[in-house]
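The values are calculated or read from the model by the stated rules, or taken from the named source; none is laboratory data. This one's a predicted model, so the numbers in the text were calculated from it and none came from an experiment. Positions of Cβ are backbone-derived with ideal geometry, glycine not excepted, and every protein chain shown enters the neighbour counts. These accessible areas exclude ligands, DNA and RNA; they are computed on the full protein's heavy atoms, side chains included. Shrake-Rupley method; radii C 1.70, N 1.55, O 1.52, S 1.80 Å.
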Amino acid sequence: MSFKIGNKQANRSYLGSNSINKVYLGNTVVFSVTGQLVADYGTGALIAFGLKYLSVYYAGDVVRVRRSSDSSESDFNPTEVTDGTLTTFVGAGNSGFVTKWYNQGTGGGTYDATQTTSSQQPQIVDSGSLILRNGNASVKYNGSGQKLLVGTTSNIKFTHYQKSSLFVVQQPSQSANPETLYWMTGTHTSVSSGRRSYYVRYDDRSVSSFNNDMVHVIGNNGVVVLNGTKPKPQNIWPSNSLSVARVYSDPANSTASQRSKITVNNAAFLMQNTDRRNPSSSNAAGRLAVGASEQNQTTQTWGDCISAYILYDEDVYSDDADIYDDLETMYI
Amino acid sequence: MKYIIIKPIDGYDSKQRCEAMNKELWHISVPLAVKNQEDITSELFGEIELTSGEYSLHIDEDYEIVVNDSLNVDALVALFPELTESEKNGLVSYIENSESFLFKNIIPQGTNLYTYEEMLDLELLEEIEEI
């Protein structure tokens with residue numbers, strides 16, 4: 001269905017001075033911004049990792065893979081990931097590991113995620129078969145040290161200060177109740193210097209008040225705040241299903257409840273106060289980990305898949321419904 | 001996954017030896033002579049700085065190392081001055097005559113492997129206490 005003003009196709013709609021990306025008539029979308037993908041809201045996501053194209057402004061390779069047979073590496077675009085080119089390269093019965101997840105966001109190659117250590121590279125092909133979740137090609141972590149690291153230094157608002165918005169299509173584990181804590185992403189620095197950063201984890205420990213919760217952990221020189229849902233029914237977000245996690249971070253917001261917002265799928269956001277002091281500048285020394293809470297983590301890293309990871313260096317909460325709608329349509 | 005504490009040797013402190021060993025282990029599969037400049041991978045295992053200041057390799061005993069025909073293990077063997085000539089020759093022969101092998105098969109006799117819990121008990125790693 002098109003939306004026209006006179007004979008002209010509308011490409012932008014406004015409510016007052018706010019740009020609107022979609023207009024609904026009942027449950028039907030009667031207008032949506034054309035030529036825009038899930039990483040193109042606001043001024044565009046700084047970081048966007050996926051095995052599908054996430055931005056209309058990116059048309060290159062999305063992943064570099066090392067095959068187990070001889071450790072050769074090669075790059076692949078989304079078509080090649082799914083049309084058999086990737087599995088042919090890896091070879092029947094062999095495994096393929098991700099050495100680089102190309103950044104499709106505005107930050108460009110500086111924010112590519114890489115892993116130089118072979119035993120810490122997450123997997124994309126297992127025994128000759130592409131790893132799929134809900135039919136989507138996905139990057140699989142083993143929960144024991146596999147992770148990818150962004151750029152050379154983080155210097156990203158999510159890990160330090162100001163406003164950021166994080167969207168991750170993910171599945172924490174392959175089982176429903178593994179009694180484990182999984183770290184998804186962050187720059188949680190060494191314990192000797194205290195917690196001084198933000199990270200996201202999935203808690204599946206029955207002894208924890210955050211059992212079965214996606215949790216946004218905000219640490220600042222020993223003051224730690226956790227924003228997760230509690231109490232909740234058991235397995236409301238089971239660890240063995242693909243879902244969309246969204247985290248909005250704005251530690252300097254004058255409204256306490258607006259400093260951390262987190263949810264999974266279509267549940268209402270949980271809002272939480274956080275420590276407003278700026279985290280230590282030493283946070284900048286840590287590289288943002290995807291599949292772990294920090295670059296040196298060797299235990300209890302992410303336990304299953306990440307299908308897409310999109311980080312905006314700005315608050316795109318006003319577009320949240322559209323972004324979630326896009327991700328749900330693409331992956332869930 | 002276990003930990004091997006890397007001791008310094010002449011010419012290498014613990015960190016330097018750990019890095020050198022790790023790269024040479026990787027070169028068994030991808031020797032510098034055949035490495036593509038675009039390739040990202042450059043080492044086999046994670047390297048951890050311990051509270052003592054020494055470094056440790058975070059190893060997987062069952063990691064399968066594929067042997068490349070163009071390999072040269074001289075640099076790797078040179079990092080093990082504590083081995084006898086007979087042990088060095090045995091190591092070279094085993095690697096060169098294998099298509100692939102498990103990492104545990106080339107760990108020198110007498111090497112201590114520690115679990116994460118043992119490393120905590122030795123206070124070589126600090127436990128991350130989670131709320």
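In this structure, the amide hydrogen of A:GLU314, modeled 1.01 Å from its nitrogen in the peptide plane, lies closer than 5 angstrom to those of A:SER165, counting only residues at least 5 positions away or on a different chain. For the chain pair A and B, the interface hides roughly 2300 square angstrom of accessible area in total, found with a 1.4 Å probe. A 1.4 Å probe run over chain B, with the rest of the protein chains in place, finds 55 Å² accessible per residue. With K and R counted +1 and D and E -1, the other residues having a Cβ less than 14 Å from that of A:THR116 yield a net charge of 0.
For the range A:300-310, the Karplus equation 6.51 cos²θ - 1.76 cosθ + 1.60, evaluated at θ = phi - 60°, returns couplings of 6, 7, 4, x, 9, 10, 10, 9, 8, 9, 10 Hz by residue, with Gly and Pro reported as x.
Summing charges over neighbours of B:LYS104, with a neighbour being any other residue whose Cβ is under 12 Å away from its Cβ, gives -3 when K and R count +1 and D and E count -1. Neighbours of A:VAL81, meaning other residues whose beta-carbon lies under 12 angstrom from its beta-carbon, give a summed charge of -2 when Lys and Arg score +1 and Asp and Glu score -1.
Annotation: amide H of A:GLY143 within the under-5 Å range of A:THR301, A:TRP302, sequence separation 5 or more or interchain, hydrogens built in the peptide plane. The value of relative contact order for the range A:31-186, using C-alpha pairs under 8 Å at least six residues apart, is 18 percent. Using a simple spin-label model with pseudo-atoms 7 Å out from Cα toward Cβ, A:VAL207 and B:ALA75 lie 4.6 nm apart. Across chain B, Cα pairs under 8 Å and at least six residues apart give a relative contact order of 32 percent.
Would you please classify the overall shape of the range B:68-131 from the alpha carbon gyration tensor, given that a ≥ b ≥ c denote the square roots of the eigenvalues, rounded means a/c under 1.5, and beyond that prolate means a/b larger than b/c while oblate covers the rest? The shape class here is prolate.
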